[in-house]
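See structure below.
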């Protein structure tokens, strides 16, 4: 999914552990604008190994799942 826009969203207490997860094999990218992510156990933005998905901008702390 190239060029996705995520705007004016609040993500709280994600049940999957990440506010915005990019699973292995995902391709494309997204640009969050006015996105608030709270209560994510694994990180606000998690890009799994093998993923080619890119989250542009500063939507919280990014991490990589090992």
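Taken together, the values in this text are just the output of simple stated rules run on the coordinates, not laboratory data. Every value quoted in this text rests on a predicted model; they were computed, and no experiment measured them. Every residue, glycine as well, gets a Cβ built from its backbone with ideal geometry; the counts of neighbours run over all protein chains shown.
Report, as a whole number in µm² per second, the diffusion coefficient that Stokes-Einstein gives for the chain at 4 °C and 1.567 mPa s using the Kirkwood radius over alpha carbon pairs. Display every interim value, and only then the final one.
Details: Rh = 11.7 Å.
Calculated translational D: 111 µm²/s.
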Separation of the residue 56 and residue 10 label points, Cα + 7 Å toward Cβ, nm:
2.7
With 10 angstrom as the radius, rank 11, 6, 20 by how many other C-beta atoms surround their C-beta, starting from the fewest.
6, 11, 20
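Full extension from residue 48 to residue 26: what is 0.36 nm times the residue separation minus their Cα-Cα distance, to one decimal in nm? Let's see the in-between values first.
Working: separation 22, 0.36 × 22 = 7.92 nm, distance 0.89 nm.
Value of the extension gain: 7.0 nm.
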